[in-house]
Structures are given as structure tokens and as C-alpha cells.
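The values are calculated or read from the model by the stated rules, or taken from the named source; none is laboratory data. Computed from a predicted structure; not experimentally measured. So basically every Cβ, Gly included, is an ideal-geometry build from the backbone, and we count neighbours across all protein chains shown.
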Amino acid sequence: MSLIRHEPLFETADGQGLWARVPDPAELPADARWVPANGFWLHTPEGAGAWRVQVPWDAFESWAALLAARFGAVPGGGEAERAWAHIGALVERGVLDASLTAEENVGRVAGLVWEAGYEPRLDRPVKGSWNGWFQQPGPATDRRVENLGSASTPGYYSGTYDHHRLHLIVDGPGHGARRSIAFLHDHEIDDGDWGANMHDVGWVRTPYSSLPALATHLGAGDGDAEERLVAGFRARAGRDEFADVTGEPGPVGKALTLFEAAGVIAQRRSESFTGASCHPWW
């Protein structure tokens, strides 16, 4: 896929060069526009501590409309030309600024993508390579994982049982711009002793800034907002509100309904993988 432009914007406060990369979406098949890697990027040079935010072309029109309403219209043209114009406008208006760190700059773009109704791809490379959609900028220990229950259902193979685990996950401050709150359903598929079990994982995630609204609408008990939110989900799990792990809308669909009722931006996603070492949240 050819590039329209790939140029540096400025040097960030922590000494990293912030670049913008805009490929030509006209060369993409229609069913590839949702892939973030096929979208346009802001990134710092690859290496330990670098950052990248990717915006899929599927999100572009909503993102562009949000930016036009908030910061002003840009000249017309194709999607790639308008994307570059909006990036330039963000720099001119100080939304992207050399006084901010690389993490803060890409975090601002990610926040605007959230506001447009899409989940951005926000990565930090570790040991010089990009780790993909699930790379978290903080340590796994800087994350609160609340077990909301588990269940077993008959497996595909005779004599096996599939396992279902429900979690509420609250990131700590070490996760920086990608700090979030998520409800997760891990469906572990027993393979009948052929090898590593498969996992079908579904989750609904919202930025950490949604915590006050979630605590107000879904929380229970006393304590700070995080404690009330955890208590509220524990109470719902205790009432078996998420007990139907195989039907529709399922636990994740029910959690999405709760998040949306609280008036927060939330995105539902799923992923399949083999073996616990690939679990996107640990």
C-alpha cells in the first residue's frame, strides 16, 4: 500500500520524534478498512519506550466530523488528504504539542478516537518490536483483576468440559494513556488432550475516565469510586445476572448494556488464541 505522506511533526518533551504516517485508503479492499494497521498512524521511532496510535479508516469519517465540529473544517479532498489536514490542525491548535511527552500526544489522539465511537489501537513497543493490539504500557501487577465467577459447560469433545471465567479489570496509573476498565469473559475450550486449549475471549472496555459515571450508575456500597464499581459488579454476579455464559447476549453483551446505560463510551471486542501465555490481559 503506497504512502500519501510519512513525515515528522515535532520532537516531544521526552525527546522523541513524533511522526505521522498516512497511507492511501483507496488501495484497500472494503473488508480491510477496519484493520488499524491499514489506517493512519502517529508514532515515535521504534525502540523500547516508543509509542504508536493507529486509527482504522472505518473510524475516519466519525473522527473527522468530531474534529471539524470542535476545531474547524479542513480543506476537502480524499480521505488521506483530509486525514493529514486534520493532523496538521491538531498541531496548529496545540492539541498535539512539543511541550507534551510522546505518551501524552498519542493519548490525546486516542481519546478523540474513543469520543468518535471507536476503540483506537494504542501500542508501546517493548524490546524493539511492536507487540500488537493488546500491548499494555504498564506492568501486569499494575492492574486490578476481580474474579466475578466461573462455570463449566459440556465441551465439544466427548467427556470434556469447557470453562468460563468472568473478570472485571481496572488498570492502574502505570498504564498511562491506555488506562481502561473492562469486563471480560474468557471461554477456555477443552481440546480433549490434543494440546494447548483454545480461548475465545470477549470483552467490553471503556477509558478509565469513565469511572465516576460507572460508579454512580452501577456502583454499590461505600468507599471510593473504584471500590463501589467492583462491589456493584460483584453484587450483579451474585444475583446471577451474568450466569448465562452460552446464550445471547451473553455476559459481555449484558456488560455492554450496563456500560451504555451509564452513558460512557464503550467498545466490544473478541479474540481467540491458544495457550495461557498469549492471554491479552495478563
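Please tell me if E61 is at pLDDT 80 or above and within 14 Å of N105 (Cβ to Cβ). Steps first, answer last, please.
On the way: at pLDDT 80 or above: yes; within 14 Å of N105 (Cβ to Cβ): no.
When the stated conditions are applied, E61 does not pass them.
What number of residues in the stretch 120-154 are in a loop (DSSP other than H, G, I, E, B) and modelled with pLDDT under 70?
If we filter the stretch 120-154 for residues that are in a loop (DSSP other than H, G, I, E, B), which is where we start, we get 120, 124-125, 127-128, 130-142.
Pick out the ones that are also modelled with pLDDT under 70 and you get 124-125, 127-128, 130-142.
So the answer is 17.
Consider L211 against the criteria (1) among the hydrophobic types (A, V, I, L, M, F, W, C); (2) surrounded by 15 or more Cβ atoms within 10 Å (Cβ to Cβ); (3) modelled with pLDDT of 85 or more; (4) in contact with a Gly (Cβ under 8 Å, 6 or more places away or on another chain): it satisfies all of them except one. Which criterion is unmet?
Result: L211 fails condition (4) only.
Listed residues E103, E92; which is in contact (Cβ under 8 Å) with a residue 60 or more places away in the chain and charged (D, E, K, R)? Talk me through it step by step, then tell me what you get.
Details: E92 fails: in contact (Cβ under 8 Å) with a residue 60 or more places away in the chain.
Going through E103, E92 in turn, just one is in contact (Cβ under 8 Å) with a residue 60 or more places away in the chain and charged (D, E, K, R): E103.
Which residue, of V74, V91, is modelled with pLDDT of 90 or more and of a type outside the set (S, T, N, Q)?
Details: V74 fails: modelled with pLDDT of 90 or more.
So the residue among V74, V91 that is modelled with pLDDT of 90 or more and of a type outside the set (S, T, N, Q) is V91.
Before we move on, is R205 modelled with pLDDT of 70 or more, touching a helix residue (DSSP H, G or I) at 6+ places or on another chain (Cβ under 7 Å) and closer than 22 Å to P56 by Cα? Before you say what the answer is, go through the steps one by one.
Working: modelled with pLDDT of 70 or more: yes; touching a helix residue (DSSP H, G or I) at 6+ places or on another chain (Cβ under 7 Å): no; closer than 22 Å to P56 by Cα: yes.
Judged against the criteria, R205 is not a match.
On the basis of being at pLDDT 80 or above and within 20 Å of V252 (Cα to Cα), does F183 make the cut?
Working: at pLDDT 80 or above: yes; within 20 Å of V252 (Cα to Cα): yes.
Here the answer is yes, as F183 does meet what is asked.
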